[in-house]
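Here's the structure we're looking at; comments come further down.
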Ligand SMILES: Cc1cc2nc3c(=O)[nH]c(=O)nc-3n(C[C@H](O)[C@H](O)[C@H](O)COP(=O)(O)OP(=O)(O)OC[C@H]3O[C@@H](n4cnc5c(N)ncnc54)[C@H](O)[C@@H]3O)c2cc1C
C-alpha cells in the first residue's frame with residue numbers, strides 16, 4: 001500500500017485546534033524563520049484533548065518516544081506528541097497542513113517548512129531496517145508524533161474481525177488475542193510495530209495460507225492530510241488502493257488459533273548443504289500451513305554455527321513435516337507445541353540493538369544455485385567486513401513462501417503484480433563504527449546487485465521483479481516497488497494531499 005511509510009516530517013507547524021479555529025497570523029515570523037518548534041509544541045499542548053500529551057526533553061516519556069530499537073536511529077525532537085485519539089491526530093495533521101499552506105503562500109522558497117525542521121510519526125520504537133536515517137543526521141529540529149497511545153484492541157462489529165491501534169506491537173497484540181483463541185496476520189518477531197509492517201505489506205508466518213498483512217485488512221480509520229477522519233473500506237476505490245494520511249485504527253480479519261508446532265534449530269556449518277537442500281525442498285511442497293524462515297550467519301570464516309531455522313507447522317493437517325530439517329543433526333533444537341504468541345516471542349532477533357542495521361535485498365527465486373550464491377555472499381562479505389571490524393555482523397535471511405502468497409488480496413499499490421512471487425535475497429549488516437558507514441552501504445548494494453545478476457544469468461526473469469517496501473533502501477526507485485502503479489499513486493497524492501504534507505515525512509517520496 002502506498003504510503004506505507006511516513007516518518008512524518010514536518011516542521012514549523014501548528015496552531016489550530018479542535019477547540020479553536022486555527023489563526024494563521026499567530027505564527028510569528030520568528031517561528032517561520034527559526035523553525036521554533038518549541039513554540040509549536042506549546043501551541044499543540046494547548047490544542048489537544050486530555051487523551052493526549054506532549055512531552056519535553058529530559059522527561060522519561062520524551063526519551064522513550066524518541067528512542068529506537070536500533071540506537072543509531074534514535075532521534076531528537078523539540079517535543080514528542082502522543083495523540084490519544086484519532087480526533088487529536090486530526091488536530092495535529094490539520095494544523096500542519098494549514099501551516100504548510102500558509103507558509104507556502106507567503107514565501108514558498110526561503111521559508112519552506114522542511115528547510116529547517118522535521119517531525120516523525122510512528123511508534124518511535126523499533127524497526128526501520130533501511131538506511132534512510134543514516135543520511136539524516138538528526139541534527140535538525142523535529143517534532144515527534146508517537147502513536148503509542150493508539151494501542152486499542154477490541155473485537156469488531158463484523159464477525160471475525162478485530163480493531164487494533166497502530167501503536168501496538170505484534171507480540172502484545174497476539175498476547176491479548178491469545179485467551180480468545182484467535183489471531184491476526186502480522187509480524188513474526190517481537191517488538192515490531194503493527195502500523196509500519198501492515199502499511200508496507202506484511203510477511204507473516206501465516207502468509208502462505210492467508211496472504212500478506214494488507215490482504216487481511218477490512219477497514220482503516222485514516223486521518224487525511226486535510227485533517228478529516230475517514231473510514232476507508234474496499235468501496236473507497238482510490239484510498240483502498242493506496243492510502244495517504246495517518247492510520248489511527250486497522251480492522252483486521254481474525255482467525256481461530258490453536259497451538260502451533262515449531263521453533264528454532266541451530267546447525268553447524270558442516271550441515272549447510274543439507275540445509276540448502278531442505279530449503280529447496282520446502283519450496284517444492286505447497287503446504288500453506290507451514291512456514292519457514294532461515295538465517296545464514298557469518299562466523300569465523302564460515303557460514304554456520306549460528307544458522308537457525310525457525311519452523312512452524314500449524315496442525316496435524318499440515319502436509320510438510322519438516323523431516324528434511326529434523327533429520328539433520330542440530331547443535332541446538334527447541335521444537336514443541338506451544339501457543340502462537342509464545343512461538344513468536346521465542347524468536348529473539350539476532351541483531352545487536354546498539355548497531356546500525358542495513359538490509360538491501362533483490363527479489364529472486366531460491367534455486368539451488370541462488371542459495372549457493374547467497375552463501376557465497378555471506379562468506380565474502382563476512383570475511384571482508386569483519387576484517388575491518390570484528391563486531392560487524394553479516395547474515396542473509398532466507399524467507400521462502402508458497403506460490404499462492406499473493407493470491408489473497410484485492411489490487412493494491414503494493415504489490416503491483418500479483419502473478420509472480422520472488423523472495424528477498426541479499427545480506428543484512430549491522431555495525432557500530434560510523435567510519436564504516438559508506439563501506440557498509442556500498443557492500444550491501446553490491447551484494448544485492450550481484451545476486452540479481454546471478455539470478456538473471458540463471459535465466460530468472462527478475463529485471464522488473466518488485467522489491468518489498470519494508471525491506472527496501474531509502475533511495476529505492478518507486479517503480480521498483482510499485483511498478484506501473486506509480487502514476488496512479490502520484491495522481492492520488494495530488495488529489496488527496498495537494499500541499500504534499502505527507503511528503504514532508506520520511507519514507508518514500510511520491
Ligand atoms: C526485528 C525485525 C523483524 C521484522 N520482521 C518482519 C516480518 O516478520 N515481516 C515483515 O513484513 N517485516 C518485518 N520487518 C520489517 C518491518 O515490516 C519494517 O521494519 C516496518 O517498517 C516496521 O514497522 P514499525 O511500525 O515497527 O516501525 P516504525 O519505524 O514505527 O514505522 C515505520 C514507518 O511506517 C510509518 N507508520 C507507522 N505507523 C503508521 C501509521 N499508523 N500511519 C501511517 N504511517 C505509519 C512510520 O512513519 C514509518 O515511516 C522486521 C523488522 C525488524 C527490525
Q) Taking the range 486-510, which residues are crowded, with 20+ Cβ neighbours inside 10 Å, in contact with a helix residue (DSSP H, G or I) (Cβ under 8 Å, 6 or more places away or on another chain) and either closer than 25 Å to residue 361 by Cα or without any contact (Cβ under 8 Å) to a residue 24 or more places away in the chain (or both)? A) 489, 506, 507, 508, 510
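From the list 493, 446, exactly one residue is part of a helix (DSSP H, G or I) and away from the ligand (no atom under 16 Å from the Cβ). Which is it? Walk me through how you get there before you give the answer.
Working: 493 fails: away from the ligand (no atom under 16 Å from the Cβ).
Of the residues listed, the single one that is part of a helix (DSSP H, G or I) and away from the ligand (no atom under 16 Å from the Cβ) is 446.
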Q. Residue 150 versus (1) at pLDDT 80 or above; (2) within 12 Å of the ligand (Cβ to nearest atom); (3) over 26 Å from residue 48 (Cα atoms): which is the lone unmet condition?
A. (3)
Q. Of all residues in the range 234-289, how many are in contact (Cβ under 8 Å) with a residue 12 or more places away in the chain and under 30 Å from residue 502 (Cα atoms)?
A. 17
Q. Restricting the search to the range 220-238, which residues are closer than 21 Å to residue 469 by Cα and away from the ligand (no atom under 13 Å from the Cβ)?
A. 238
Q: Quick one: which helices (runs of 4 or more DSSP H) lie wholly within the range 1-100 and hold at least 2 residues that are at pLDDT 90 or above and in contact with a strand residue (DSSP E or B) (Cβ under 6 Å, 6 or more places away or on another chain)?
A: 60-66
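Residues are listed down the side, and each one gets a yes or a no for (1) surrounded by 18 or more Cβ atoms within 10 Å (Cβ to Cβ); (2) outside any strand (DSSP E or B); (3) within 16 Å of the ligand (Cβ to nearest atom); (4) at pLDDT 65 or above:
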site	(1), (2), (3), (4)
105	no, yes, no, yes
110	no, yes, no, no
119	yes, no, yes, no
144	yes, no, yes, yes
159	no, yes, no, yes
166	yes, yes, yes, yes
177	yes, yes, no, yes
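With surrounded by fewer than 24 Cβ atoms within 10 Å (Cβ to Cβ) and closer than 17 Å to residue 166 by Cβ as the only criterion, which of 243, 198, 239 stands out?
Numbers: 243 fails: surrounded by fewer than 24 Cβ atoms within 10 Å (Cβ to Cβ); 198 fails: surrounded by fewer than 24 Cβ atoms within 10 Å (Cβ to Cβ).
The conditions single out 239.
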Q) How many residues does the range 450-459 contain that are in contact (Cβ under 8 Å) with a residue 12 or more places away in the chain, more than 23 Å from residue 508 (Cα to Cα) and either touching a strand residue (DSSP E or B) at 6+ places or on another chain (Cβ under 8 Å) or part of a helix (DSSP H, G or I) (or both)? A) 4
Q) Can you name the residue in the range 311-340 that is surrounded by fewer than 22 Cβ atoms within 10 Å (Cβ to Cβ) and in a strand (DSSP E or B) and, of all such residues, is modelled with the lowest pLDDT? A) 313
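Each row is one residue, and each column tells you yes or no for (1) in contact with a strand residue (DSSP E or B) (Cβ under 7 Å, 6 or more places away or on another chain); (2) over 15 Å from residue 389 (Cβ atoms).
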position: 421; (1), (2): no, yes
position: 426; (1), (2): yes, yes
position: 429; (1), (2): yes, no
position: 448; (1), (2): yes, yes
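Only residues that are near the ligand (Cβ under 10 Å from one of its atoms) and not in a loop (DSSP other than H, G, I, E, B): list them for the range 190-213, please. Spell out the reasoning first.
Quick first cut of the range 190-213, residues near the ligand (Cβ under 10 Å from one of its atoms) only: 190-205, 207, 212-213.
Listed by number, the residues that qualify are 193, 194, 195, 196, 197, 198, 199, 200, 207, 213.
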Q) Which of (1) more than 8 Å from the ligand (Cβ to nearest atom); (2) touching a residue at least 24 places away in the same chain (Cβ under 8 Å) does residue 172 not meet, given it meets every other one? A) (2)
Q.
Just to be sure I understand the filter: pairs with C-beta atoms under 8 Å, separated by 6 or more residues or on different chains, first member in the range 93-106 and over 15 Å from residue 225 (Cα atoms), second member at pLDDT below 75 and not in a helix (DSSP H, G or I). Which pairs pass?
A. 103/12; 103/27; 103/111; 103/112; 104/112
(Q) Regarding the range 215-231, can at least one residue be identified that is touching a helix residue (DSSP H, G or I) at 6+ places or on another chain (Cβ under 8 Å) and in a helix (DSSP H, G or I)? (A) yes
Q: Could you identify the single residue in 476, 463 that is away from the ligand (no atom under 16 Å from the Cβ) and in a loop (DSSP other than H, G, I, E, B)?
A: 463
**Q.** Odd one out for residue 448, checked against (1) touching a helix residue (DSSP H, G or I) at 6+ places or on another chain (Cβ under 8 Å); (2) crowded, with 23+ Cβ neighbours inside 10 Å
**A.** (1)
(Q) When you check residue 441 against the structure, is it over 22 Å from residue 201 (Cα atoms) and touching a strand residue (DSSP E or B) at 6+ places or on another chain (Cβ under 8 Å), yes or no? (A) yes
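The values are calculated or read from the model by the stated rules, or taken from the named source; none is laboratory data. Predicted, not measured: the structure shown is a model, and the values here were computed from it. No Cβ is skipped: glycine too gets one built from the backbone with ideal geometry, and neighbour counts run over all protein chains shown.
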